[in-house]
Structures are given as C-alpha cells and as structure tokens.
Amino acid sequence: MKIFLDTADINEILPAYETGLVDGITTNPTLILRSGRQLIDVAKELVESFPNLESISTEVVADTAEEMLNQARQYYTIHPSITIKVPCTVEGLKACKFLSDKGVKTNVTLVFSVAQSIMAAKAGATYVSPFVGRCNDNSFSGVELVRAIAGTYNAHGMKTQVLAASLRDCHHVSRCYLYGAKVVTMPPKVFWGMYNHVLTREGLALFQKDWEEVTKE
C-alpha cells in the first residue's frame, strides 16, 4: 500500500513526509493555481525537498499529444521521480504511450470507467487515477469503480497501478485499499485523520489517568 499526498504546498507536505509514511505527491492545475506559482518551479522545489519519493506528479494541459509532449519534456528531465499526468483522451493516451515507451512514469487522470482504464493500461500507464469523489458526486460508486478496475487488471496481469484519487474521507481511503487500489492520494487533512479514532483517544485518556495514580503511589 502506498500513500501519496494531493497538494502542492511544501509546508503541508513536510510534516507528513517526516513521518516516513508518504510515498509520493500528486499535483494538478487547480492545486498549482492555489499555490500562486508556476508548475516548473513547484516541481523543482518538490524534487529538491523530497528526493526519495517514488513519484512527484506534474500535469500537462494541452489539446494535442505533440503539445503535451512538449510540455512534458521540461518536467521529466528534472528528476526520475517526476510522473507526467495526462488526461484519459485519445491525445492524452498517445502521449502516454510515447512517454511510457521512453521509460517515463505516467499517470492517466480523470478516469471514470473500466473501459477508460483498459485503454490507459494498454498505453503503458504507470498509474491510472479513478476519481472516487467525483463519481460519488454523479451518483455512481467510486469505490466500486476502483474494485472493477483492480479486478480487471488482476485478471489480465496488467502492471498499471490503480491510484485512487479525489478522496475526501478516511472511510473511502480504507475501502479503496480493500478493493484493490495499490496507491491512494489524499489531501493532508485526510492523511492526519487516518490516525484518529475516538476509542484510541478514550483509551489513552484512561491510561494516562491510571498512570498518574500509579506514579502518585
């Protein structure tokens, strides 16, 4: 099981990274917009700050495969951990196939069906990202989509890893892992929420109270 953080904010990433439990970072144009910076600068800073991560994503935004590849070149030459995110479109998968054949890590994003995931795997994608939360917003189960994609990949020995994205709570994170996701990307708030349970808090409070009694004696 791998955990990626879905943020471009280095100040949010650092405390989670220091736990030793974070394997990668995903970004997207919306997150970059919120940062108020250029993607190339964010990518360089993330690589320099977190050189041991498996994957640091940078998303290309263009209409044609050629334009996507032109954008991608400035990113994947920075460091081997850079992963190029492409949309699940005809042009996006053309770019994915070219990059995958060159040994560049790729993540096919905005996936909402098993059919799309099959095409992404055929294009050699390193990761495929079904958007769980957005599926739920549109009245079909995102975690069931994760299960269907993972089952299809397992049945045919596909190497592409299911990277569950657009997650908003710990419950969906857990279900996605149960249903076969190899990777889950989550906002920092959800990452920290993974530690919490009311019974743990109550148990610690009781142990603390008892310990104080023992040490008093």
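Determine, yes or no, whether Ala121 is among the small types (Gly, Ala, Ser), closer than 22 Å to Met68 by Cβ and out of contact with any Asp or Glu (no Cβ under 8 Å at 6 or more places or on another chain).
yes
Answer with yes or no whether Lys159 is at pLDDT 95 or above, over 16 Å from Met1 (Cβ atoms) and of a type in the set (Lys, Arg).
The answer is yes for Lys159.
In the stretch 7-43, how many residues are closer than 21 Å to Pro80 by Cβ, at pLDDT 95 or above and not β-branched (Val, Ile, Thr)?
So the answer is 4.
Just checking, does the stretch 23-32 include any residue being surrounded by fewer than 22 Cβ atoms within 10 Å (Cβ to Cβ) and free of Cβ contacts under 8 Å to residues at least 12 places away in the same chain?
Yes, the stretch 23-32 contains at least one residue that is surrounded by fewer than 22 Cβ atoms within 10 Å (Cβ to Cβ) and free of Cβ contacts under 8 Å to residues at least 12 places away in the same chain.
Select, from Val86, Val114, the only residue that is surrounded by fewer than 20 Cβ atoms within 10 Å (Cβ to Cβ), in contact with a Ser or Thr (Cβ under 7 Å, 6 or more places away or on another chain) and within 23 Å of Ile3 (Cα to Cα).
Val114
In the stretch 28-51, which residues are within 18 Å of Phe131 (Cβ to Cβ), out of contact with any Asp or Glu (no Cβ under 8 Å at 6 or more places or on another chain) and part of a loop (DSSP other than H, G, I, E, B)?
none
Test of understanding: among Arg134, Arg175, Arg201, Arg168, which residue is closer than 17 Å to Met1 by Cα and among the charged types (D, E, K, R)?
The conditions single out Arg175.
Do you know which residues across the stretch 28-47 are of a type outside the set (Val, Ile, Thr), within 16 Å of Arg73 (Cβ to Cβ) and touching a strand residue (DSSP E or B) at 6+ places or on another chain (Cβ under 8 Å)?
Answer for the stretch 28-47, where residues must be of a type outside the set (Val, Ile, Thr), within 16 Å of Arg73 (Cβ to Cβ) and touching a strand residue (DSSP E or B) at 6+ places or on another chain (Cβ under 8 Å): Leu39, Ala43.
The values are calculated or read from the model by the stated rules, or taken from the named source; none is laboratory data. This structure is a prediction, so every number in the text was calculated from the model and none was measured. Don't worry about glycine lacking a Cβ; one is built from the backbone with ideal geometry, like all the others, and counts go over all protein chains shown.
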